[in-house]
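A.B. asks: Mind having a look at this structure? Questions to follow.
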Amino acid sequence: MNEFAVQDVDVVVVGAGQAGLSGAYHLARAGIGHVVLDHAPRPGGAWQFRWPSLTYGKVHGMHALPGMELTGADPLRPSSEVIAEYFAAYEDRFDLRVHRPVDVTAVRDGADRRLLVESPAGTWSARALINATGTWDRPFWPRYPGQELFRGRQLHTANYPGPAEFAGARVIVVGGGTSAVQHLLEIAEVAAETTWVTRRPPVFRDGSFGEAQGRAAVALVEDRVRQGLAPRSVVSVTGLPLNEAVRGGLESGVLDRRPMFGHLTRTGAAWSDGTRVEADVILWATGFRPVIDHLAPLRLREPGGGIRLDGTRAVRDERIHLVGYGPSASTIGANRAGGAAVREIGRLLTRTRSGIR
């Protein structure tokens, strides 16, 4: 707890990225009192931290927020600038008064079935919570033997600076997702040598990806969440889009993938068959995990490591909705989930005010 007075509100939204702003928009339209807390220094969600070479034209599936299209954006501008400006304009248009920077440290039970949302900036007492904290602040670093011995540089997608810093270097990129492919394609233009390493053979998706395919992919992720397992990203089940740049990388050999190495050495990586690759840099494009530790006091996790959901609602606690988690981690999924969460929260508040449990 902290020294500030506790502030009462119907709903607290934690996070002001795509999912959080969608939730706040629907709360405002429903006339439900709420507050939005965001730990970032300025509008833009996780997009504001993306590397400069990720231009808007390279963004994989950015969908407009509800009620306001993103139009006329220069595809050559950094996505961090384009989307941050869009989010800022969105907050202004719909008067979404986001409190920032606010780091939510814990959400716990309070009196009268309320939730206490705690932060160094204050404590809020709420009847429901929309958790929209995403994954960017929890990069996943896998552990491999010899990792501490490697004398070169190791970094993660979360602090990827763009290709210029890899000029003349021998670089191993680890990971089978879209970020790994994007890193490789641009680093290969300046590096002395690149090596791509993944745990599983990458699956490239040729042709269009329509609504039916999208629903099927989301259903696979949703099934894991319903079982209480740790969610996989939607991208992990859609495959990698086989666009012109990727085709070029396959033809040139840049995207000639190797299986996962067995261990790292002081000067690179080694495989069980005796193969060795010397490297100056290991770039871990190994994804992210949901930022949900602040929910730990509520004991929402299942034995499988995830939070089991029914739609967006936590099965163990109907007051908690997770938006941008699991099947709603895509930008269009976050929009839809924000509306769904608010509809359920509206019904919960009606029951609460009428004394029905």
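A.B. asks: Within the stretch 238-247, can you find the residues that are in a helix (DSSP H, G or I) and open to solvent by less than 30 Å² (accessible area, probe 1.4 Å)?
C.D. replies: The answer is Thr238, Val246.
A.B. asks: Further question on the same structure: If a residue has to be among the hydrophobic types (A, V, I, L, M, F, W, C), over 14 Å from Thr286 (Cα atoms), open to solvent by less than 10 Å² (accessible area, probe 1.4 Å) and outside any helix (DSSP H, G or I) to count, how many in the stretch 148-206 make the cut?
C.D. replies: The total comes to 1.
A.B. asks: Would you say Asp10 is under 23 Å from Arg313 (Cα atoms), touching a residue at least 12 places away in the same chain (Cβ under 8 Å) and loosely packed, with under 15 Cβ neighbours inside 10 Å?
C.D. replies: no
A.B. asks: Write out, first by first residue and then by second, each pair whose Cβ atoms fall under 8 Å of each other, whose residues are 6+ apart or on separate chains, and whose first residue, in the stretch 101-123, is more than 12 Å from Asp317 (Cα to Cα) and touching a residue at least 40 places away in the same chain (Cβ under 8 Å) while the second is of a type in the set (Phe, Trp, Tyr) and loosely packed, with under 15 Cβ neighbours inside 10 Å.
C.D. replies: As it stands, the answer is Ala121/Phe4; Gly122/Phe4; Thr123/Phe4, since those pairs meet every condition given.
A.B. asks: Any residue in the stretch 278-290 that is open to solvent by less than 30 Å² (accessible area, probe 1.4 Å) and under 17 Å from Val12 (Cα atoms)?
C.D. replies: No, because not a single residue in the stretch 278-290 is open to solvent by less than 30 Å² (accessible area, probe 1.4 Å) and under 17 Å from Val12 (Cα atoms).
A.B. asks: Could you please tell me which pairs satisfy a Cβ distance under 8 Å, a separation of 6+ or placement on different chains, a first residue in the stretch 255-283 that is on the phi > 0 side of the Ramachandran plot, and a second residue that is in a strand (DSSP E or B)?
C.D. replies: So the pair list comes out as Gly268/Arg170; Gly268/Ile172; Gly268/Arg276; Gly268/Val277; Gly268/Glu278.
A.B. asks: Is one or more of the residues making up the stretch 46-56 more than 27 Å from Tyr160 (Cβ to Cβ), touching a helix residue (DSSP H, G or I) at 6+ places or on another chain (Cβ under 7 Å) and in contact (Cβ under 8 Å) with a residue 40 or more places away in the chain?
C.D. replies: Taking every residue of the stretch 46-56 in turn, none turns out to be more than 27 Å from Tyr160 (Cβ to Cβ), touching a helix residue (DSSP H, G or I) at 6+ places or on another chain (Cβ under 7 Å) and in contact (Cβ under 8 Å) with a residue 40 or more places away in the chain.
A.B. asks: Please report, ordered by residue number, the strands (runs of 3 or more DSSP E) entirely within the stretch 100-147 with at least 3 residues that are open to solvent by less than 50 Å² (accessible area, probe 1.4 Å).
C.D. replies: Fully inside the stretch 100-147 and qualifying: 115-119, 122-131.
A.B. asks: Does any residue in the stretch 14-33 that is β-branched (Val, Ile, Thr) come within less than 9 Å, Cβ to Cβ, of a residue that is open to solvent by 30 Å² or more (accessible area, probe 1.4 Å) and in a helix (DSSP H, G or I) six or more places away or on a different chain, and which pairs are these?
C.D. replies: Note: pairs meeting the criteria are Ile32/His26.
A.B. asks: Which one of Glu85, Glu81 is within 22 Å of the chain's Cα centre (by Cα), of a type outside the set (Lys, Arg) and more than 25 Å from Gly339 (Cα to Cα)?
C.D. replies: After ruling out the rest, the residue left standing is Glu81.
A.B. asks: Further, regarding this structure: List pairs: first in the stretch 284-305 and over 17 Å from Val323 (Cβ atoms), second open to solvent by less than 30 Å² (accessible area, probe 1.4 Å) and among the small types (Gly, Ala, Ser), Cβ under 6 Å, 6+ apart or cross-chain?
C.D. replies: Here the result reads Ala285/Gly175; Ala285/Ala180; Thr286/Gly175; Pro297/Ala106; Glu302/Gly228; Gly304/Gly228, each pair linking the stretch 284-305 to a residue that is open to solvent by less than 30 Å² (accessible area, probe 1.4 Å) and among the small types (Gly, Ala, Ser).
The values are calculated or read from the model by the stated rules, or taken from the named source; none is laboratory data. Just so you know, these numbers come straight off a predicted model, no measurement behind them. Note that each Cβ is placed from the backbone with ideal geometry, even for glycine, and that neighbours are counted across all protein chains shown. These area figures cover heavy atoms from the full protein model, side chains too; ligands, DNA and RNA do not enter into them. Shrake-Rupley method; radii C 1.70, N 1.55, O 1.52, S 1.80 Å.
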